[in-house]
Amino acid sequence: MYVVQIASECAPVIKAGGLGDVVSGLSRELEIRENCVELILPKYDCMRYDHIWGLHDAYRDLWVPWYDGKIHCSVYCGWVHGRVCFFIEPHSQDNFFNRRCYYGCNDDNMRFAFFSKAALEFLHQSNKRPDVIHCHDWQTGLVPVMLYEIYKYHGMGNQRVCYTIHNFKHQGIAGNEVLQATGLNRADYYFQYDKLQDNFNPFAINLMKGGIVYSNAVTTVSPNHAWEAHYTEVGSGLGHTLDLHQDKFSGILNGIDYDFWNPEVDRYIPFNYTPDDFEQKVYNKKALRERLLLRDEPQKPVIAYIGRLDNQKGVHLVHHAIYYALQREAQFVLLGLATEPGINAHFRHEKNFLNDNPDCHLELGFNEELSHLIYAGADMILVPSNYEPCGLTQTIGMKYGTVPIVRGVGGLVNTVFDRDYDPNKSPEERNGYVFYQTDYGALESAMDRAIGLWYNYPQEFRQLALQGMAYDYSWNHPGTEYLAIYDRIRHR
Ligand code: ADP
């Protein structure tokens, strides 16, 4: 099968979070299964060019219709860890992708509407006719809309779209100008409840809703989150739209790429290890402590948090966990980036305050290499999210024998099974600690049980870590599920 992924991220070259991991990991899995996969991405100025091999001009004269004129683009081609990627570079005064950031600009709607249009125009003009176009999140929600309303009439009537929603919180709420710019000219037609009109604001369009309405299949990134989005406020207003389209909506758990996230082969960690020589993990812990200037003696567990610092991630609980860990004679390592100024200021303040503490390190920024060392060196990984569509840090943590302590929401429910309480798993199948409420007491009780086991029953703690390592959270299962969906929509 010939699959084209259109996305705003692809790890490790463009990565702000899990979306990047998923786009690259799924593409790799599809290729292993002998499908032809190509990716179309924006050519951001700030992406990691050192991860692209053989970047060259592939298509110099792509003219993309925009408002009443056309914008000239170049398309570059290069290989990212073996995957063929096309990077679109527009030449216009808007400088859509030369902003030193991926997201967070006032005109993000326009930037990604343009990208969606340019990606389709590239397929159209270069005569690429994939069986399936897989697009992701609000940034590419207009792809199926334009495909069925415009490009179908230009020889692209056989293409099918699978649309994956990684986060319902960001939906791309836009005005009429996006329709005008992209050539979706009949505003009255699109501003209808069964089309793109936002479910709350009748004067706005919702790009993610467009993705849901027009795609042949819609997925989100875990079965539990699919249920939450459909039936609870977690769908951020799209619950009814999902209900209307429930026949094509499902949840598929994200995998992780075990070529990249695997302590056996990880290039970023000083000591590789497997479940059979699990003792080697402790040398990574030593290396982590050295690198972050944490004291090595007396022996204490290291609890880690890796992730974006924003309200989704339960930052109030992250903050509390730092001090609770220190109080319980554990060490705490945080690697996180806050884009919201208030949260950023808060954690900068904490970092200054804790600067001289030998049991704590807060690293504020994005650092792929360091994240690998933390997964390998920590004993426990904390994921106290308010909501979590899938969550990757708990599954990556488990692969590295790092025991997850998570809040029971979204994909965390599908991946972490409480050592002491899980009703559906036998003791041998349990792999972490789960709490449910958002108050400090709930968090403390889960941390308490984990730290207690580490101190008092080290053999049992080790066993729990090994049970986590035994889980297969690779792309193996999800790869099969996505292919089944592609097959279904192709033959419809
Ligand atoms: P989300 O997609 O909501 O950001 P996920 O748990 O799905 O969260 O994915 C997070 C991914 O981003 C993981 O691969 C994690 O290691 C990585 N990550 C998050 N924050 C950082 C950071 N500050 N530095 C390095 N990697 C990070």
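Tell me whether the range 224-240 contains one or more residues that are in a loop (DSSP other than H, G, I, E, B), open to solvent by 10 Å² or more (accessible area, probe 1.4 Å) and among the small types (Gly, Ala, Ser).
yes
With the requirement that a residue be in contact with a Pro (Cβ under 9 Å, 6 or more places away or on another chain), within 22 Å of HIS372 (Cβ to Cβ) and outside any strand (DSSP E or B), what does the range 303-318 give you?
LYS313, VAL318, listed by residue number.
Which strands (runs of 3 or more DSSP E) does the range 322-395 wholly contain that include 1 or more residues that are open to solvent by less than 10 Å² (accessible area, probe 1.4 Å) and small (Gly, Ala, Ser)? Talk me through it step by step, then tell me what you get.
Working: elements: 331-337, 360-364, 380-383.
Qualifying strands (runs of 3 or more DSSP E): 331-337.
Out of the residues in the range 307-316 meeting the condition of being buried (at least 23 other Cβ atoms within 10 Å of the Cβ) and in contact with a helix residue (DSSP H, G or I) (Cβ under 8 Å, 6 or more places away or on another chain), tell me which one is nearest to PRO263 (Cα to Cα).
Of everything passing the filter in the range 307-316, GLY307 is nearest to PRO263 (Cα to Cα).
Checking the structure you have, find out if any residue of the range 242-252 is in a loop (DSSP other than H, G, I, E, B), modelled with pLDDT under 95, within 16 Å of the ligand (Cβ to nearest atom) and under 22 Å from the mean Cα position of the chain (by Cα).
Looking through the range 242-252, none of the residues is in a loop (DSSP other than H, G, I, E, B), modelled with pLDDT under 95, within 16 Å of the ligand (Cβ to nearest atom) and under 22 Å from the mean Cα position of the chain (by Cα).
Being outside any loop (DSSP other than H, G, I, E, B) and under 20 Å from the mean Cα position of the chain (by Cα), is that true of even one residue in the range 465-477?
yes
Being in contact with a helix residue (DSSP H, G or I) (Cβ under 6 Å, 6 or more places away or on another chain), among the charged types (D, E, K, R) and free of Cβ contacts under 8 Å to residues at least 12 places away in the same chain is the requirement here; does ASP296 meet it?
Taking the combined requirement at face value, the residue satisfies it.
Looking at the range 281-316 only, could you name the residues that are within 17 Å of GLU444 (Cβ to Cβ) and either within 19 Å of the chain's Cα centre (by Cα) or within 15 Å of the ligand (Cβ to nearest atom) (or both)?
TYR305, GLY314, VAL315
Restricting the first residue to the range 159-185 and requiring it to be open to solvent by 30 Å² or more (accessible area, probe 1.4 Å), which pairs with a second residue that is more than 16 Å from the ligand (Cβ to nearest atom) and of a type in the set (Asp, Glu) meet a Cβ separation below 8 Å and a spacing of at least six or different chains?
Pairs that qualify, where the first residue is open to solvent by 30 Å² or more (accessible area, probe 1.4 Å) and the partner is more than 16 Å from the ligand (Cβ to nearest atom) and of a type in the set (Asp, Glu), are ARG160/ASP131; ILE173/ASP198.
Hey, can you tell me all the residues within the range 333-353 that are away from the ligand (no atom under 15 Å from the Cβ), under 27 Å from ILE451 (Cα atoms) and under 25 Å from the mean Cα position of the chain (by Cα)?
Result: HIS346, single match.
The values are calculated or read from the model by the stated rules, or taken from the named source; none is laboratory data. This is a predicted model, so every value here is computed, not measured. Positions of Cβ are backbone-derived with ideal geometry, glycine not excepted, and every protein chain shown enters the neighbour counts. Accessible surface is based on the protein model in full, side chains and every heavy atom, while ligands, DNA and RNA are left aside. Shrake-Rupley method; radii C 1.70, N 1.55, O 1.52, S 1.80 Å.
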